[in-house]
Amino acid sequence: MGTMPEKKPKTTRRVFTLILAYIMFCVAGGVVASGFLLPAVMGANTMTKSLTSSLKADDINFDLADLPQQSRMYASDGTTVLATFYEQNRIIVPLKSISDYMQKAVVAREDHRFWDHSGIDPQGIARAFVQTYVKKGDTQGGSTLTQQYVKNILIDQALEDDDPIEAYHAQEETIARKLREMLISVELEKKYSKQEILQGYLNIAQFGKNVYGVETAAQHYFSKSASDLNLVESATIAAITKNPANFDPTVNPEEAEKQRNITLDLMSEWGFVDKSETDAAKKIPLADTLHVQDVAVGCQAAGNAAYFCDYAIRQIEKSDVFGKTLKERRQLIKQGGLNIYTTLDVNAQNSAWTAVRDNLPEDDPSGYENILAAIRPGTGEVLALAQNRTYDVNGAPGTTRTSVNYAVDYADGGGSGFQVGSTWKPINFAAWINAGNSANEPLATSMHYSYKTIPDADGAGVFDVQNSGGGTVNPETPLQALNQSHNTTQVSMAQRIGLKSIADMAKTMGYHRADGTDITKYNPSMVIGTEPSSPLTMANVYATIAGNGVECTPIALNKVVDSSGKSYKVPSANCHQAISSEVAQTTAYAMNLNVTQGVAKDAQLSDNRKTFAKTGTSEQTQLATSGFVPQVAAFALITNAENSGVSLKGTINGVYRSSWYGADIALPTWKEFMENYLSSANIPQDNDYGNPDQNMIRTTGSTSSTTKKKSSSTKSRSTSGSTSTNSGTTSGTTSGTTTEGQ
């Protein structure tokens, strides 16, 4: 499918000569009608002047690649189509990829002298003139296939230029419009071969409601490529162009079969196919030949990948590489014939979709959301995004149908983010050892910390905090605190290294708020996970730990290429060494101990695969589990997204509990996803990761993990003068009490 040759502009004299020639063609066709010839000749010069400006060949684009055509989004395998986007559902193909039967069928039906005329057909014009103007019958145009191609090009070009008036003039039934088509058609045939013109027509013609081009028609009606169309199928499709609305076999099957048979008769009448072959074809019921496949449009038709699709499309819409304005970018998506190759892993997406629904069905009476995001460490590639909701651009509050993608940032179609609870604590741990401290250093702890004793703390007063089961452990090491998910020790660590160093570490590892901003106001409660974030961002933080300290910006696009082969620069993952390998592996070591010796024991994956995980609960409003193996990091979250801040309590998924923790629903969701994905994708075990730097876990003194100071109440006590809205202990409620399984 090559680009057609460059065209040369016509002179006024040539236009005038051609108009007179066309009029003579009409007369020579056997009709001399009084009152027709003379006015036409006398008015030719005036008509020439009015038409010349619109007949400049330079203004008419016959490049097939510039026709509006569908864009398709693929999974990372390069073959699985996730979604299709179009205003005109069209796939451009070269003539060699269109069956010989199909070529013959459309020529027989539309213009059987196509291979012999020079753009206009005097006999056809004469026949149409007699039928329309002498016999006063139905209006007939006498148009050749070349003229119909020109007409379609002019309409599409006007629509692309956002000129509805010109589009109307390009299809109105007037002598002026017909003359214009004929003029251009004769010139077209001087510049282009018959094969190029037939190729152009077959790619631009409409073959049903929102079905443009023969390849799309073949896939829609018969679930096959145009190259594989047989005689019956070709005749069916060729018949539709005469009246796309009424001859569509999915709309009017009886009429479609009748028109198919007319096409078959014409094919044998004009000698394109032997009559015995067409007679046999006519006996085949139309219904027996159809294998209809709807080409649904947009992310709404992307099935379980709909939310990922939405995320990927927004990456194009946000990038000026694809157009200067949002309108231009959206037009490119719907008309540019893009092949959008994404990072989505089919096995991962299927596993994520199943896991969020198995552990919290979409129609659960609780109405809570189950959300999961997964990333491939060291690449930034988003493998899957899922939530127990149905993607619907017309969704309404209070239903399970929504277009809000809770797994991602606000700018990417998500919400305002969620507190992540104790899944934040590995960030504190990384900041601690990165500052040169040992994970095994005993720290004095308290349930009441003055803001004055915490470097960088904004505000004044006392921050009251306790562990999930109440009280504190004193003294306690950062490693023990991570394994048991204790809150009080996190603040003790902040007293030593400062809140800014923790916020800086979070940013370094890939953290930002769901609104895209960094932490600039330091509240002590941040160390127990009160800063809002999206699940994808937290999955990315854990991917940095899993990726030996390499942090990447999450990406959804691997490659975008248009129909002409032009490649667009896609957003970069910007992968770089963010934290040292020693910090990453030592943090991973601590997270593995959280599984083998700590409170996240239920996260252990099968076959003794080395597992790294952390659970978390925030204010009883979010339940979370995040973790990884070297090949994939994932974050699962249970929340009431539409009523943020409302405690998760009572009956969820048929189970009643007065208190819920991250290990209860989020952990099983995370684990089911990991097990199914690792198995279905045949990802081998890698148990060599997570080797700690010995200097970072050196023993600095004796510790005690048994001395436990209980407060008089398990509820937080507000301290006068505190400016923190999250100073209560429940902001730090995590799955990490000394009681396993929470």
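Laid out as a table, the results:
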{"quantity": "Chain lengthening between Trp115 and Lys601 when straightened (0.36 nm per residue, less Cα-Cα)", "calculated": "167.3 nm"}
{"quantity": "Linear extension gain, Asp504 paired with Thr399, 0.36 nm per residue minus alpha-carbon span", "calculated": "33.9 nm"}
{"quantity": "Full-extension gain in nm, Tyr656 to Lys191, via 0.36 nm per residue minus C-alpha separation", "calculated": "159.7 nm"}
{"quantity": "Subset of Lys104/Lys283; Lys452/Lys614; Lys151/Lys334; Lys104/Lys242 violating a 25 Å alpha-carbon distance limit", "calculated": "Lys452/Lys614"}
{"quantity": "Which of Leu372, Leu499 has the fewest Cβ neighbours within 10 Å, and the rest in rising order", "calculated": "Leu499, Leu372"}
{"quantity": "Inverse of mean 1/r across different Cα pairs in the range 207-297, Kirkwood, Å", "calculated": "13.0 Å"}
{"quantity": "Förster-model FRET efficiency, 25 Å R0, Ser679 and Thr79, C-beta, rounded to 0.05", "calculated": "0.70"}
{"quantity": "The range 233-241 - phi-based ³J(HN,Hα) in whole Hz, Karplus 6.51/-1.76/1.60, Gly and Pro as x", "calculated": "5, 5, 5, 4, 5, 4, 6, 5, 4"}
{"quantity": "For a label point 7 Å along the Cα-to-beta-carbon line of Glu642, residues of the range 297-322 with backbone N under 19 Å", "calculated": "307"}
{"quantity": "Sites Asn574 and Leu326 - FRET efficiency at Förster radius 30 Å, r taken between beta-carbons, to 0.05", "calculated": "0.80"}
{"quantity": "Burial ordering of Thr621, Thr80, fewest other beta-carbon atoms within 10 Å first", "calculated": "Thr80, Thr621"}
{"quantity": "Between the range 511-528 and the range 348-373, the alpha-carbon center distance in angstrom", "calculated": "27 Å"}
{"quantity": "Estimated FRET transfer efficiency when R0 is 56 angstrom, pair Arg496-Asn210 (beta carbons, to 0.05)", "calculated": "0.30"}
{"quantity": "Range of Cα positions in the range 482-617 per principal axis (Å), largest first", "calculated": "60, 45, 27"}
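The numbers here are math on the coordinates, done by the rules we state, and not lab data. Owing to the predicted nature of the structure, the values given are computational and were not obtained by experimental measurement. Reconstructed Cβ throughout: ideal geometry from the backbone, glycine too, with neighbour counts over all protein chains shown.
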